[in-house]
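This is the structure I have questions about; it appears just below.
The values are calculated or read from the model by the stated rules, or taken from the named source; none is laboratory data. A quick note: this is a predicted structure, and the numbers were derived from the prediction, not measured. Reconstructed Cβ throughout: ideal geometry from the backbone, glycine too, with neighbour counts over all protein chains shown. Side chains included, ligands, DNA and RNA excluded: accessible areas come from the protein's heavy atoms. Shrake-Rupley method; radii C 1.70, N 1.55, O 1.52, S 1.80 Å.
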Amino acid sequence: HTAATWAAVNGAGLMELRQAFGWTGLAMPNRYVSKAEQLGQQGAEKAAAAMNVLNREPAKIVRLGR
């Protein structure tokens, strides 16, 4: 699980994960890519909060379509 998570965090796509770990479908690699996206968003939110030196209201985060 750790290897798949770190691979996704470092940019591995669905097909790369599927091939590397021998999964037949996309359900399993999608779990790891989704988790990586969630971790990235949380990190961006924490960084934005840390840089908010003027204590302004946080910006609205908009998820862009794929």
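Using a Gaussian network model of the chain whose springs link C-alpha atoms within less than 10 Å, name the residue from 13, 22, 43 with the highest mean-square fluctuation.
22
Further question: Running a GNM on the chain with Cα contacts under 10 Å, which residue among 31, 56, 18 ends up with the highest mean-square fluctuation?
The residue with the greatest mean-square fluctuation here is 56.
Looking at (1) 37, 26, 19; (2) 44, 33, 19; (3) 49, 24, 13, which value of Cα extents along the principal axes in Å comes from a calculation on the structure shown?
Checked against the structure: label (3).
Please determine, in degrees from 0 to 90 and to the nearest 10, the orientation of helix 27-50 with respect to the longest principal axis defined by the Cα atoms of the chain, where the helix direction is its Cα long axis.
20
In the chain, what percent of the accessible surface is made up of carbon and sulfur (1.4 Å probe, ligands and nucleic acids excluded)?
57
Name the residue, out of 54, 17, 26, whose mean-square fluctuation peaks in a Gaussian network model built on the chain with Cα pairs under 10 Å.
Residue with maximal mean-square fluctuation among 54, 17, 26: 54.
Using the Cα centre of the chain as origin and beta-carbon charges of +1 (Lys, Arg) and -1 (Asp, Glu), tell me which of 3, 34, 59 is placed farthest towards the positive end of the dipole.
59
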